[in-house]
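The values are calculated or read from the model by the stated rules, or taken from the named source; none is laboratory data. Keep in mind that this is a model prediction, so the values were computed, not measured. Glycine gets a Cβ as well: all are built from the backbone with ideal geometry, and neighbour counts include every protein chain shown.
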Amino acid sequence: MNLDPSVPRDLLLSLLPELVLTAWVLVVLLFVAWRHQTARDLRITGWLTLAALVSTAIAIWWLWWNRAGVRGVVSMIAADDFRWVADWVFVGAAALTVLISIAYLEREQLLAPEYYVLLLFGTIGMMLMAAGADLMVIFLGLELMSVAVYVLAGFDRRRARSAEAALKYFLLGAFASGFLLYGIALVYGATGTTNLGMISVQLSVIRQQSAMLLAGLAMLVVGFGFKIAAVPFHMWAPDVYDGAPTPVTAFMATGVKAAAFAALFRVMYQAFAGVPVWHDIMWWLAVITMIGGNLFALGQRSLKRMLAYSSVAHAGYLLVALTAGSAQGTSAFLVYVVAYTLMSLGAFAVLIAKGRGGESDVTIDDLSGLANRRPWLAFALAVCMLSLLGFPGTAGFIGKWYILIAATSAGQNTLAAIMVLTSVVSAGYYLPVIMAMYMKPEPIEAAHVDVRLDRWANAAVAAVVVGLLLFGVWPNRLFDLAKTASDSVHAVGATEQSPSGH
Amino acid sequence: MYARWVLTVLLAWPLVAGLVVLLVPARLAKHVALIASLIEFAISVPLWWTFVPSGGMQFTVDYPWIAAWGIHFSVGVDGISLFLVLLTTFLMPLSVLGSWSYITKREGGFYALLLVLTTGMIGVFVALDLFLFYVMWEVMLIPMYFIIGVWGGDNRLYAAIKFFIYTFFGSLLMLVAILVLYLHAGTATGTYSFAYAHVLSQAQTLGGAAWWLFAAFFLAFAIKVPLFPLHTWLPDAHVEAPTAGSVILAGILLKMGTYGFLRFALPLFPTVALSQPVQLVIVILSLIGIIYGGLVAMVQPDFKKLIAYSSVAHLGFVMLGIWALTLQSVQGALLVMINHGISTGALFFLVGMIYERRHSRLIESYGGIARVVPLFAAILTIVSLSSIALPGTNGFVGEFLVLVGSFRTYPIATALATTGVIVAAAYLLTALQRVIYNPLTHPENEKLTDLTPREILVLVPLLVGILWIGIYPKPILQRMEPAARALIEQLKPGTTQTQPTIGDGQP
């Protein structure tokens, strides 16, 4: 179904998932204003939130199924398979976050149901970022997402670390937003438009690249680099990830990162495909992010900080997919981001089970002997670690392999080699987790007595494990989805030599 | 019919059985595992008769797996891999039986991992798709990592992570090389496929890239073999692993490296592999392995470490034989691979058995125990002699063939390698003397009990193997010969006609 955004009905249709979710947010907000006292209210809010996410996912599915698209017209909203797949990732990440939050909020006495409202606002922001065909829409989405997440990071207001995280994230985030906005302004100055498609047209007309354009592009990269936590713009990430309540950290590490990447892909391919200089920038960014993230992670003793740095490293791998600069790179990105969302959320969920009573500093050694007491949680965390490491049989391997194929077929053999070498380094911090759980005895008999997850968080972990193993062995459907999605972003007719499709 | 399903079943059965082992009560785990591995062996035995020596790749199966990348589940067996598959299925029931009383904690997990490991190892030997090969190559890493890390000795954590990281490092570079090969074949033909035959058919047009790719494959396989100076993970892993782990490490895992050279590194990059500098490097490293491995073994106070270093030496012979590329040397190398699996496996079993009684692996803790445990002493003597390569045992046939065959290609290196045989006699006979002869000085040893029926049951099949290959190796050599000849013809066309044939009529 082809949508023409100048017709109101079509415009509404193209924004259907966002509208559905916004309507739900209002419902939830009303409910929260009315009932916000007891743990039971909190639980009901959680269910409403899940219902909201499920209906949004159905709306996305409906558009995807009907092949909704905005084709051939200049529009501020993109409607293509890339957007639908990215939306599914955000909604999935949000839903898993809800599942692991339900018991967490009660346990940590964070009895404020506004938590879920903020989560949904953040999700709408992410969806707008993936939908934006105009720099302004992307910026609006980014701000909507960021503001919600700033608050979420400081949600545990009784703890100084959480407040510190929120403030740090807010100050640096605002600074980065400034960069992004200034970059948009400069790009507008150079091309006279903020629409991605029009920028690309203008650039092909202007031909020569002005300093203003390059400066604008550089600032865009800084702004996005901050949100995806690429080295050297990652400084905030460890402290913020560490200080924020763990479900929020999980949401930031997966949803926020995926959204920023989705927008980055769209901007780079639809607007700046004709400015090859960004490939070089991204090449270096990818290299230092992979090396930096992995080396920093190696030195961490706290599991949460280790996961924070590991998410920096994974941003580096995703940047490799971006640098490849092909449709293949984009579908590799989508496959990897699905895998990464699952494995990262799974790891944080198990961390929630272990870190209770405000004790957020779970070191890797604290997991010693977990496999004796909680074999299922230990197995789940082991699968997540192996997947993060990129071990065959897990989705993480399939994703990494796809990125490697994309990089090598784009001639980026050096980048591929650096990627695998840094992956070897990552074994140095993922394996000790498995080692502690399985190969070390528990320090005291009762070390893991109170380690448990409620039924919903367990369901989330089970879904993660099944997903990781399933996509690790049988990724065919995921590939098909990712391939059509990436083809929809890349200009039609730009056929390239790519292995997939033969 | 059998040919259609045998390899698939060999790969799938251990996985299913592994799951069952996890689910049954812990006290039944070893029984189920033993039955499962015996069934696995029984399934594999008819391979021996149905295999047609001149038939090339056999028992092939090919299903599409990940169509988008041209990945197939594609497996097959030829004269090179047949015996490695059989060796694997042969050693697995013995390993289960050998762990019977050694493994006391978390039995279910141990035997399940052992079975998963079987799938991984067989998968490596039968994979005809480079992606499948890589997956299997990695898949076997995790069970071994757990086996060393959970059930190993005092220093097991260090050994486990060292083993993992060494192998992982090598294999990831191989992964990139596999990708480059895939893309090269894809752009050249328009068909993107990881099929071994497809990639192989385009490998000669690689040009200068072949050097880099060979280096990546070389590193992965050389770590596994292990070639000096990449061998340092091996003593740690072998010593710390539980008995079954050491047996499988030495018996099968090391062969994956040499198999990789035979199947991938040599046929894919013949010009690089047979260039002067590469030959020189590999032959020198093999020689260092043979002599240095032997010399280091000589000074080991720990019996298990001694055997571990002797593996470095034995695998040096294999590498020398492979690179000499004569019919005799390649067949000899293949035979040494099997022999080493049997003899060193038996040695590790024996050390494990005495360790269970005395809780010491140090040679000096023993002495004079031949009077206390005569059966143990007798078997240890026979196995040691086979490891030294005494005529009449399997070790002799293999090493002799390697030396005779290699002499045509590298006379000086072969002459030096021969000293390795003498060194082997020196360290093993000395150790043997200090363990089972000499006066009985430690009173603790007076109460040692001799081998139990179960332990005899573990050792007898290995002894039969030692003597059978030592006396009548023809059936094995016969089945290997066409594959070895085809490999050499592919690399050095026209050289095999003039070489003496072994296995057919001649001694």
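Quick notes on this structure:
- Top-ranked residue of segment B:175-186 - restricted to ones that are more than 9 Å from every other protein chain (Cβ to nearest Cβ) and closer than 16 Å to A:ALA407 by Cβ, ranked as surrounded by the most Cβ atoms within 10 Å (Cβ to Cβ): B:ALA177
Each row is one residue, and each column tells you yes or no for (1) out of contact with any Pro (no Cβ under 8 Å at 6 or more places or on another chain); (2) surrounded by fewer than 24 Cβ atoms within 10 Å (Cβ to Cβ); (3) in contact (Cβ under 8 Å) with a residue 40 or more places away in the chain; (4) within 14 Å of another protein chain (Cβ to nearest Cβ).
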| residue | (1), (2), (3), (4) |
| --- | --- |
| B:PRO46 | yes, yes, yes, no |
| B:PRO53 | no, yes, yes, no |
| B:GLN58 | yes, yes, yes, no |
| B:SER74 | yes, no, yes, no |
| B:VAL96 | yes, no, yes, no |
| B:THR104 | yes, yes, no, no |
| B:LEU114 | no, no, yes, no |
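- Members of segment A:66-103 found to be over 15 Å from A:MET126 (Cα atoms) and in a loop (DSSP other than H, G, I, E, B), listed by number: A:ASN66, A:ARG67, A:ALA68, A:VAL70, A:ARG71, A:GLY72, A:VAL73, A:VAL74, A:SER75, A:MET76, A:ASP80
- B:ALA12 in contact (Cβ under 8 Å) with a residue 24 or more places away in the chain and surrounded by 15 or more Cβ atoms within 10 Å (Cβ to Cβ): no
- Residues in segment A:32-53 that are assigned to a loop (DSSP other than H, G, I, E, B) and loosely packed, with under 14 Cβ neighbours inside 10 Å were compared, and the one that is modelled with the highest pLDDT is A:THR38.
- Test: residue in segment B:281-302 that is in contact (Cβ under 8 Å) with a residue 24 or more places away in the chain, in a helix (DSSP H, G or I) and closer than 18 Å to B:TRP212 by Cα: yes
- Of all positions in segment A:324-342, none carries a residue that is surrounded by fewer than 24 Cβ atoms within 10 Å (Cβ to Cβ), in a helix (DSSP H, G or I), hydrophobic (A, V, I, L, M, F, W, C) and modelled with pLDDT under 90.
- Subset of segment B:149-158 [more than 9 Å from every other protein chain (Cβ to nearest Cβ) and buried (at least 24 other Cβ atoms within 10 Å of the Cβ)]: B:TRP151
- Subset of segment B:187-197 [part of a helix (DSSP H, G or I), within 14 Å of chain A (Cβ to nearest Cβ) and crowded, with 21+ Cβ neighbours inside 10 Å]: none
- Which numbered condition A:GLY216 misses (of (1) free of Cβ contacts under 8 Å to residues at least 60 places away in the same chain; (2) under 21 Å from the mean Cα position of the chain (by Cα); (3) crowded, with 20+ Cβ neighbours inside 10 Å): (2)
- Only helices (runs of 4 or more DSSP H) whose full extent lies in segment A:356-445 are considered here, and the ones with at least 2 residues that are surrounded by fewer than 20 Cβ atoms within 10 Å (Cβ to Cβ) are A:370-373, A:375-389, A:413-439.
- Within segment B:198-212, restricting attention to residues that are part of a helix (DSSP H, G or I) and either among the polar types (S, T, N, Q) or free of Cβ contacts under 8 Å to residues at least 24 places away in the same chain (or both), the residue that is nearest to the other protein chains (Cβ to nearest Cβ) is B:HIS198.
For every residue, the table says whether it meets (1) over 25 Å from A:VAL91 (Cβ atoms); (2) among the β-branched types (Val, Ile, Thr); (3) surrounded by 16 or more Cβ atoms within 10 Å (Cβ to Cβ).
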{"site": "A:GLY122", "(1), (2), (3)": "no, no, yes"}
{"site": "A:SER162", "(1), (2), (3)": "yes, no, yes"}
{"site": "A:TYR169", "(1), (2), (3)": "no, no, yes"}
{"site": "A:ILE184", "(1), (2), (3)": "yes, yes, yes"}
{"site": "A:GLY189", "(1), (2), (3)": "yes, no, no"}
{"site": "A:GLY197", "(1), (2), (3)": "yes, no, yes"}
{"site": "A:SER204", "(1), (2), (3)": "yes, no, no"}
{"site": "A:ARG207", "(1), (2), (3)": "yes, no, no"}
